Structure formats: structure tokens, C-alpha cells
Amino acid sequence: MLYHDDIKEPDTAFQTEIGRGKEKPFPVVAIGASAGGLEAVTELLQNLSPHTGRAFIYVQHLSPDHKSMLTSLLSKVTAMKVQDIEDMEKMEPDNVYVIPYNYFAPKFLRF
């Protein structure tokens, strides 16, 4: 996990475009899974405190042929707010963001 405070010479684009809360920078945790990863991320969210001070991004391989139910399914297992990500620059800590099918992530976030 990369914390902004751990960066000796910070990547300016990373610092200014993501992980900047209203008061101070915060860690952003990216979780990736194949289509079979729902059980594991469900278990993770059930066991995480809703007050970690981190934002969580969940990326799962999704079929373009089916409407995703990830946001509604995950919102039932955690007290954190779960939502489809619309603008990475507006992320807040203690939220779970689901990457929708065919989302075009900013260049500095591509894995």
C-alpha cells in the first residue's frame, strides 16, 4: 500500500488528482478480482471497520452483456458508502468505489 507521506519525492499528478481529502491526504486501496472474486471482497468488507480512513476502489472483470449488481450487493455487507466511481478526484475516505464496466481510468492509475 502506498501512503502519500511515504513518498520522498511525491508524484505531483498522483498527489493532486487522487487521495486528497478535505483536510489531509489519505491512502487509496485498489482491490482487483476476476468474476469469481465477489466472495473474497465480501468477506473483506464484512471484516473491515467502516472508519479506516482509506478509500477503497474495487475493480472486477465484468461482462458487457449484463447489468452489474456489484454496488448494491456490496452495500449490503459494509457500513461504508458503496458507489460507482464517477470522478476519482472527488473520492473520500471511508467509501468503497466500484469501477463500472468499460471505465476509462486516468493514465496514472492504470495497472
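Where a number appears in this text, it was derived from the coordinates with a stated rule and is not lab data. Bear in mind the structure is a predicted one, so any value in this text is a computation, not a measurement. Neighbour counts are summed over all protein chains in view; Cβ atoms, including those assigned to glycine, are modelled from backbone coordinates with ideal geometry.
The table that follows gives values for the structure above.
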{"item": "Residue count for region 29-76, restricted to those that are in contact with a His (Cβ under 6 Å, 6 or more places away or on another chain) and either assigned to a loop (DSSP other than H, G, I, E, B) or within 13 Å of Ile99 (Cβ to Cβ) (or both)", "result": "1"}
{"item": "Selection count, region 33-54, where residues are small (Gly, Ala, Ser) and touching a residue at least 12 places away in the same chain (Cβ under 8 Å)", "result": "5"}
